[in-house]
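Q: Here you go, one structure.
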Amino acid sequence: MKVLRLLAAFLVSSFAVGSLVHAADWPGFRGSQGGVADDKDLPVEWTRDNFLFKVKLPGVGASSPITSGGKVFVTCYSGYGTTITKGFTFGKGGKGKGGGGFGGKDTGGDQKKLKLHLVCLDAATGDVIWNKEIQPKLPEAPFSGFLREHGYASSTPVTDGKSIYVFFGKTGVLAFDMEGKQLWQTSVGAGKHMWGSAASPILTNDLVIVNAAIESGSMVALNKKNGKEAWRVKGVGTSWATPVLVTTKEGGQEIVLTQPGKVVAYDPDSGKELWQCEGIVSGGFGGGYTISSPVVRDGIVYIMGGGPGGSTALAVKAGGRGNVNKTHVLWRKDKGGSTCSPVLAGDNLCWVNGTLVALSTADGKETGRERLYGSKSEYVSAVAAADKIYALTRFDGLYVVDRTNFKKLAHNTFEGDDSIFNASPAIANGRIYIRSNQYLYCIGNKGEK
């Protein structure tokens, strides 16, 4: 009997490990590996058979979908400011324009009709399981300028498989169980910005970490169980970047956030600053800002960003203390994109902003450059799986690129959908989940479970 029990335990544990390997979820912004998936045999050049489902969403938004336990979660909003436009002009807005990068007329309608949504769908069929409406805290920033390009649901949710945590700017951080029951709601600041709110929450231990730079000039840690504030770091500059959790070579953990002009690491348990170095000097609006989120591998943080003041990419070894400019910065290059985040594809740090650019992770030297399309203002962050890079665009479909030679393999479009694609794709269980301002798509090989 003892042998049988041991055999049963072995089989159960083997099945559990196999499930983790072959059925990995995509639990937050850019998944759990900074936009990298373990999935193989994803479709490259799509036919209609590869569109496993296409579901109309109850609202618009720029947040990315996430997956957990056979479900897809996505946020959106409705009732006000739903006419997302293609492109912007500086100054006064007009018909067919983005309303002006720094202002313009509010064309959103009646802000009192604004509703926020967290939607849960079946990952296999696209059927809506539940749709929770959230009452926003008004007034919100008016629907004009850059806000007309992404709106009021730009932060991607995050889940630990037990609860879902969402961030809606001044409305706050909310937690729901997997059946859609709201568990708590906590404000992290009442500030708003004419460019809106966009940073996504992350999880570490028993905490939800939120970059609330726009709402309160802070990074805030909340208890996962009750939403109570655990710690707060003040003085965070204008940043829309999502922080990342880093495990050092020594086994410690750090939270790293890129801020105007610097990169800073904090202790996850206390919020105490551990180290900092020179970061992105974007220049321009308000003395500088950061948008692009870092990625991590083997205890090294890779940062990329830019703005009117120039572009920068750098690699920093985590685990330092104090000023680490001379001790832990491995390389720094005058290259980068402004609004998208990079992805680690093999031994290269890559990003796509019209042109795919690849830098060697070893020394930052450029290893590849491939022009894909015309846009130079790309919100969407590329993802990678197996030997391919998947570069979704706002206006021109999705490009599949060979990560070994950076040559274009396919260009796939979304027939009948002329809305904007602002969200980064999610990859889980052999499928690619993509959301536009109208629909959620599931792309895969027909017949696969």
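The values are calculated or read from the model by the stated rules, or taken from the named source; none is laboratory data. The shown structure was predicted, so the numbers you read here are calculated from the model rather than taken from an experiment. Because the Cβ atoms are built from the backbone with ideal geometry, glycine has one as well, and the counts that use them run over all protein chains shown.
Q: Please verify whether the stretch 22-29 includes one or more residues that are at pLDDT 95 or above, within 25 Å of GLY151 (Cα to Cα), surrounded by 19 or more Cβ atoms within 10 Å (Cβ to Cβ) and of a type outside the set (Phe, Trp, Tyr).
A: Checked the stretch 22-29: at least one residue is at pLDDT 95 or above, within 25 Å of GLY151 (Cα to Cα), surrounded by 19 or more Cβ atoms within 10 Å (Cβ to Cβ) and of a type outside the set (Phe, Trp, Tyr).
Q: Would you say TYR165 is closer than 14 Å to TYR80 by Cβ, modelled with pLDDT of 95 or more, of a type in the set (Phe, Trp, Tyr) and surrounded by 23 or more Cβ atoms within 10 Å (Cβ to Cβ)?
A: No, not satisfied.
Q: Moving to a separate point now. Report, by residue number, each residue of the stretch 188-235 that is modelled with pLDDT of 95 or more, among the aromatic types (Phe, Trp, Tyr) and touching a helix residue (DSSP H, G or I) at 6+ places or on another chain (Cβ under 6 Å).
A: Those that are modelled with pLDDT of 95 or more, among the aromatic types (Phe, Trp, Tyr) and touching a helix residue (DSSP H, G or I) at 6+ places or on another chain (Cβ under 6 Å): none in the stretch 188-235.
Q: While we're here: When the stretch 332-350 is examined, which residues are found to be in contact with a strand residue (DSSP E or B) (Cβ under 6 Å, 6 or more places away or on another chain), more than 13 Å from ASP402 (Cα to Cα) and either of a type outside the set (A, V, I, L, M) or not in a strand (DSSP E or B) (or both)?
A: Hits for the stretch 332-350 are ARG332, LYS333, LYS335, GLY336, GLY337, SER338, CYS340, PRO342.
Q: Continuing with this model, one more query. Which ones in the stretch 102-146 are touching a Cys at 6+ places or on another chain (Cβ under 7 Å) and either β-branched (Val, Ile, Thr) or not in a strand (DSSP E or B) (or both)?
A: VAL119, GLY126, ILE129
Q: Got a number for residues in the stretch 198-238 being among the acidic types (Asp, Glu) and not in a strand (DSSP E or B)?
A: Qualifying residue count for the region: 2.
Q: From (1) surrounded by fewer than 18 Cβ atoms within 10 Å (Cβ to Cβ); (2) over 24 Å from the mean Cα position of the chain (by Cα), pick out the condition that doesn't hold for GLY346.
A: Result: GLY346 fails condition (2) only.
Q: Could you count how many residues in the stretch 109-145 are under 16 Å from SER155 (Cα atoms) and of a type in the set (S, T, N, Q)?
A: Final tally of qualifying residues: 0.
Q: Suppose the filter is of a type outside the set (S, T, N, Q), closer than 17 Å to ALA313 by Cβ, in contact (Cβ under 8 Å) with a residue 40 or more places away in the chain and surrounded by fewer than 21 Cβ atoms within 10 Å (Cβ to Cβ); does GLU278 pass it?
A: The answer is yes for GLU278.
Q: For the stretch 173-202, enumerate the residues that are basic (Lys, Arg) and buried (at least 17 other Cβ atoms within 10 Å of the Cβ).
A: Across the stretch 173-202, the qualifying residue is only LYS192.
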